Amino acid sequence: MPARLSQLDPSPAVEVADRVTASARTTESRVSPVDIDGWIKGKRDQPFESTVITLDELAEPTGWRTADTGNLEHHTGRFYTVEGLHVTTNHGHVGEWWQPILVQRDIAILGIIAKEFDGVLHFLLQAKMEPGNVDMVQLSPTVQATSSNYLGVHGGRPARYVDYFREPGRGRTVVDILQSEQGSWFHLKRNRNVVVEVTDDVPVHEDFCWLTLGQIRLLLQQPNVINMDARTVLGCLPIAGPAGGGTFGSAESGGRHTMTEVLSWFTGRKSEHELSARLVPMNSVVGWRRDADRISPAGHGNFSIVGVRTHAETREVHSWQQPLLAPHGVGLAGLVVRHIGGMPHALVRAEVLPGNRDTVEIGPTVRFMMEDYPHTPADRRPEFLDYLLSARKGVRYDVVQSEEGGRFLHAETRYLVVQDDDFPLEVPPDFLWATAEQLMALQRHSYNLSIEARTLLLCLNNL
């Protein structure tokens, strides 16, 4: 029988945070693979296929098609579409542009099952193949599936463990938040980030394993192992303060700004910046061209739309084709941190992106596609970009991680944290010094922190 809510003693946030923190400090476990790196390598050494094909080859009777509008869409009308976007804004150096964008109205479940073993919280992660993944297989949440997937629109088998997140009472909810994803490439996308703790035995399929947060923390030091969806869910977990006994989320404790001031700054940035993002037919998008192979910028640009053909025996459907957004080069998400009044602070930025649900989200100090660097005059580069690129001292984290492999082809971001306790306190209006506690408090609510900021906060909290 599944554990009902009454079988799990209710715990205050402090107790959950202390248990999560204890898990983060535990790097060995009898229920995890003895050789985690070897286990992952074994999952990657399978006969997967992910081959770039022309967009014309997507035109299958039961697959993807090009509509009269030029949009790419699935014949079922589900999953997602590739459409055009016309943007005007009073923010930044460019006031108007056109681009393709991914439109996904399905809300995916990004769900992780948690369970205690030997008094330590473990998290059930999946070795999941995605067609756009670097190295093909990365560790994902227990369930990473859109409603189109878990309702079987593709005609394949159901997603494993999805009932833990769809059936009430299967466990105690630790986290359950709708969060956004890349506002440059997705239009108003949101996914359900959820962690459910259970007490029952959970049958573990061969492509899944239990890991402590400490083991996951070590894997975050390696490139392209913990996937984007696992990072965003794990980043929502409460953790304890440095001395324990309290949540790392007491947002009014001694920061440069009070939480009221942080919220006022955020609201002010939303009020200051205007942006109109209107979906338009793909065949009306200015400055882009479509040929048999791909949709690409007519001049310089930082991504294209391509097709892929995929085969994976481990997936719900073994073979399929789909369009993917293919970035041109690696992105940078950089965060400057320093101590102010003895407390660690992060320099965050109000980021205006066309796919954001409320125009502005709180992003890292810098987010930039490095492919654009040679084409961007020095006076038009983001503030503090050159500072971060030239940093040699105080580098706390510097690892390349993958973005969503189910929608992007080999999308990689260099996540960089630089500590500089002499960095100026006075910063431009779009920037703010916030404590980790304040950022954690903001992250407990939807659409406040960008996907890149959430990854960096996870890495920062695990340093």
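Here are some notes:
- Per-residue 3J(HN,Hα) values for the stretch 221-236, derived from phi via the Karplus relation 6.51 cos²θ - 1.76 cosθ + 1.60 with θ = phi - 60°, read 7, 9, x, 6, 10, 8, 6, 4, 5, 5, 5, 5, 6, 4, x, 7 Hz in sequence order (x marks Gly and Pro).
- Taking the DSSP bridge list for the stretch 33-155 and keeping only pairs wholly inside it, about 95 percent are antiparallel.
- In this structure, the amide hydrogen of Tyr447, modeled 1.01 Å from its nitrogen in the peptide plane, lies closer than 5 angstrom to those of Ser180, counting only residues at least 5 positions away or on a different chain.
- The chain: antiparallel DSSP beta bridges as a percent of all, rounded to 5: 80
- The stretch 112-136 and the stretch 396-463 have Cα centres spaced 22 Å apart.
- Amide H contacts for Asn71 (H built 1.01 Å from N in the peptide plane; partners 5 or more residues away or on another chain; cut-off under 5 Å): Met282, Asn283.
- Average accessible area per residue (Å²) across the chain - probe 1.4 Å, nucleic acids and ligands excluded: 40
- Relative contact order (percent, whole number), the chain, Cα cutoff 8 Å, 6+ residue spacing: 21
- Alpha-carbon geometry of the stretch 399-463: the Rg and the Dmax are 14.0, 41 Å, given in that order.
- 3J(HN,Hα) from dihedral phi, the stretch 78-91, Karplus parametrisation 6.51/-1.76/1.60, rounded to Hz, x for glycine, proline: 10, 6, 7, 10, 10, 10, x, 9, 10, 10, 10, 7, 9, 10
- Length released on extending from Asp35 to Leu389, taking residue separation times 0.36 nm less the Cα-Cα span: 123.9 nm
- Of the residues Ser402, Ser319, ranked by 1.4 Å probe accessible area with the largest first, the sequence reads Ser319, Ser402.
- Of all accessible heavy-atom area on the chain, the percent that carbon and sulfur account for (1.4 Å): 50
- For the stretch 177-318, the residue among Asn283, Gln215, His187 whose Cα projects farthest onto the positive side of the dipole built from Cβ charges is Asn283.
- Under 5 Å, built H, 5+ apart or other chain: amide partners of Trp288: Ala298
The values are calculated or read from the model by the stated rules, or taken from the named source; none is laboratory data. Since this is a predicted model, take the numbers as computed values, not measurements. Neighbour counts are summed over all protein chains in view; Cβ atoms, including those assigned to glycine, are modelled from backbone coordinates with ideal geometry. In case anyone asks, the SASA skips ligands and DNA or RNA and just uses the protein heavy atoms, side chains included. Shrake-Rupley method; radii C 1.70, N 1.55, O 1.52, S 1.80 Å.
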